[in-house]
Amino acid sequence: MRRAIAAVVRKDVLVELRTGEAVPAMLLFSISTFVLFHFALDRRSVDGDLAAGVLWVTLLFAAVLGIVRLFVAEREQGGFDGFLLAPVDRTALFVAKATVLFAFLAALELVAVPAFAILLLGPSPWDAVPELVLVLALADVGIAVVGTLVGALGIQTRTREVIVPILALPLMIPLAIGAARATSPLFLEAGAAAVPGRWLLVLGLYDLVFGLLAFAVFDFLLED
Amino acid sequence: MATATDGPAVALRDLGRAYGERVALAGVTLELPRGATLAVFGANGAGKTTLLRVLATLLRPHAGTAAVLGATLPREAWAVRGRIGLLGHEPLLYRDLSVRENLRFHARLHGVGEGRAAALLDAVGMARRADEPVRALSRGMAQRVAICRALLHEPELLLLDEPLANLDPGAAGAVAPLIGRESGAARVLISHDVELGLAEADVVLGLRGGRAEIVAPAGSVAVADVRELYR
C-alpha cells in the first residue's frame, strides 16, 4: 500500500509542478480575498475573533478550489481506471489524495498566512508561530480528509464545481468554528494568549471521526 | 475446490449489465480457454465496450455470472487485478507527464521494475520519445505507449479494444508480437475489421443490442455472418 500511495503522491505533485492548476489559483484567491476584506471592512487592520474568522473563511474557500481540482486528472485522463486495474488497496488512493491536498494546503498557507499578516492583521503573529502551525496542521488534516471524500463524490457528477462547495462547506462548519476559536487568542492586540485546549481537542476529534468515516466509505465511491 | 488460478480465461453465463433503464448486455454465455482469442464484433452501441469493462472488473455484472482467470466477479475481483491488461478507447495516460513518467507510475502501482518499461518502449519504437509529454504525441504514438502500459505487468488476459486503431503499418507490425497470438496471453479482441478479427480468433462473439447473436468457434463463422451484425 505504501508503494501505491508514494506513486500517486509523486505523480500528483509532478503534475501540479508542471501545470500549476491548483496551488497558484488557491493562492491568488486568498490574497485577492484579503485585499477585498481590507476594503470591505474599511479597516486598516483586524485582530482577535475578526482576524481569525477572516483567515479561516478565506482558507476554507481557497481549499474548495483545490478540492475541485483534486480528481480532475483521474476523471478526464483515465487515472481512476488505471488505478483500479492495479493490484492495490483502493484506500491507498484516499490516503494519497488526502496527503496531496494536505501538501497543497501547507504550500498555500506558507504564503497566504504571511500575506494575511502583512495585509490585514494588526498584532504581530510571530510570537505565536508554533501554536499557529499546530492549529493549521490540525485543521489541514480535517480539510484534507473531508475534501478528499467530497472531491471523490463530486467528480462523479457533471456539476462538480457546484456540488463540491455545497457538500464541503457545511461539513467543514465544525472545523471552521474550532480553527477560528483556537486561532483567535493568537491574534489579540494585547499579545498572543494560550490556545484553548478544548478547541484543539475539537479539531483532533473532527480529524479522527471524519478519517474513520472516509476510511469506511471511500471504496464505495470508486464502485461503478 | 476451485481457486482464482483455475478455470478458463473467461466464463460467462447469462451475463447482463444495464445503465439505468438501458440494457447494454443481456444473456451472454460463452467460455474462452486460456491462451485462446475471443473476437467480439458488433455495431456501435452493441455492448462490446461494456463487456470489456465488466471483464476488466471496472463494471459489476447486473445479471448472470462472470468469471475471469478462475475468479468470480465481482466477489473475487481483487484476485485478478494485476493479471489483466486493458487497452481501451482511452490510453489511460496523464497528458502532462512524459512517456517515461507515465510508465514509471503504472510500473510502481503494479510492482514492476522500470527495466520492463524501457524494454517495451524499445520494442514499440518509442524509446527516443520517452521524455516527451504525452500531450505532444500523435494518437498513434500515444496508442503505442498505451500498449506498453497495458503490458507492463505481463498480464495473462489481454482486453483489446481496436488495438491497431491509429497505428501505421510499421507500428502495427512492431506491436504485433506483443499483443498478437505470440504473446501467449488469452485475448478478448474488439475489432471492426472482420477479416482480421476472424483470422485472429478461436471463438467469435457477435453482439447486437447487447444480445449474443453469434457465439461459435471461429472456423464455423463466415465473414458474411459477421457483416450481417452491422446492417
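Quick note: the coordinates plus some simple rules give every number you see, no bench work behind them. The shown structure was predicted, so the numbers you read here are calculated from the model rather than taken from an experiment. Cβ: placed from backbone, ideal geometry, glycine included. Neighbour counts: every protein chain shown.
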Exercise. Hand me the trypsin sites (Lys or Arg not before Pro) from the range A:1-40 located in a DSSP loop with no more than 16 other Cβ atoms within 10 Å, in residue order please.
Key: none
Exercise. Mind computing the radius of gyration and Dmax over the alpha-carbon atoms of the range B:12-71? Å is fine for both.
Key: 11.3, 36
Quiz prompt | Dipole axis of the range A:94-189 (+1 Lys, Arg; -1 Asp, Glu on Cβ), positive-most option in A:LEU169, A:GLY122, A:LEU188 | solution = A:LEU169
Quiz item: When chain A is modelled as a GNM with alpha-carbon springs shorter than 10 Å, which of A:ALA139, A:ALA180, A:ALA190 fluctuates the most?
Solution: A:ALA190
Quiz item: Expressed as a rounded percentage, what relative contact order does chain A have, with Cα pairs under 8 Å and six or more residues apart?
Solution: 29
Quiz item: So how do B:GLU200, A:GLU74, B:GLU21, A:GLU21 line up by other beta-carbon neighbours within 10 Å, fewest first?
Solution: B:GLU21, A:GLU21, B:GLU200, A:GLU74
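Which length gain, in nm to one decimal place, applies between A:ALA6 and A:LEU36 when the Cα-Cα distance is subtracted from 0.36 nm times their residue separation?
Working: separation 30, 0.36 × 30 = 10.80 nm, distance 3.88 nm.
Extra length available between A:ALA6 and A:LEU36 comes to 6.9 nm.
Need one number: % antiparallel among DSSP beta bridges in the protein assembly as shown, to the nearest 5.
55
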Quiz item: Rounded to the nearest 5, what % of the DSSP beta bridges within chain B are antiparallel ones?
Solution: 55
Self-check item: Positive-end residue of B:ALA56, A:LEU14, A:LEU203, charge dipole of the protein assembly as shown with Cβ unit charges
Solution: B:ALA56
Quiz prompt | Three-way shape label, the protein assembly as shown, alpha-carbon gyration tensor, a/c 1.5 | solution = prolate
Quiz item: For peptide A:5-12, how many partner chain Cβ atoms fall within 10 Å of a residue's Cβ, on average?
Solution: 3
Quiz item: When chain B is modelled as a GNM with alpha-carbon springs shorter than 10 Å, which of B:ALA136, B:ALA127, B:ALA172 fluctuates the most?
Solution: B:ALA136
Quiz item: How big is the shadow of the Cα convex hull of the range A:2-223, averaged over all directions, in nm²?
Solution: 12.0
Self-check item: Neighbour-count ranking [beta-carbon atoms within 10 angstrom, fewest first] of A:SER32, B:SER191
Solution: A:SER32, B:SER191
Quiz item: Along the positive direction of the dipole of the range A:2-223 (beta-carbon charges: Lys, Arg +1; Asp, Glu -1; about the Cα centre), which of A:VAL88, A:VAL135, A:LEU221 reaches farthest?
Solution: A:VAL88
Quiz item: Of B:LEU178, B:LEU160, B:LEU58, which has the largest mean-square fluctuation in a 10 Å C-alpha GNM of chain B?
Solution: B:LEU58
Exercise. Run the numbers on chain B and let me know its relative contact order in percent, using alpha-carbon pairs under 8 Å that are six or more apart.
Key: 28
Quiz item: Over all pairs of distinct alpha carbons, what does the Kirkwood formula give as the hydrodynamic radius of the range A:100-208, in Å?
Solution: 14.9
Exercise. Anything in chain A that counts as a DSSP H helix reaching 18 Å or more along its axis (C-alpha) with Kyte-Doolittle mean of at least 1.0? List them, would you?
Key: A:23-40, A:48-69, A:91-119, A:129-154, A:197-222
Practice problem: Please give the direction-averaged projected area of the C-alpha convex hull for the range B:1-141, in square nanometres with one decimal. | Solution: 10.4
Quiz prompt | 12 Å beta-carbon shell around A:ILE155, net charge (K/R +1, D/E -1) | solution = +2
Quiz item: If you rank A:VAL88, A:VAL209, B:VAL112 by fewest surrounding Cβ atoms within 10 Å, what's the result?
Solution: A:VAL209, B:VAL112, A:VAL88
Quiz item: Which trypsin sites (Lys or Arg not before Pro) in the range A:75-177 pass both tests, a DSSP loop state and at most 10 other beta-carbon atoms within 10 Å?
Solution: A:ARG158
Self-check item: Whole-Hz ³J(HN,Hα) from phi, Karplus 6.51 cos²θ - 1.76 cosθ + 1.60, for the range B:203-219, glycine and proline x
Solution: 10, 10, 10, x, 10, 9, x, x, 9, 7, 8, 10, 9, 7, x, 4, x
Exercise. Using DSSP to define loop residues, name the trypsin sites (Lys or Arg not before Pro) in the range B:68-145 whose beta-carbon has at most 13 other beta-carbon atoms within 10 Å.
Key: B:ARG75
Quiz item: In whole Å, what is the distance between the alpha-carbon centres of the range A:25-49 and the range A:55-127?
Solution: 21
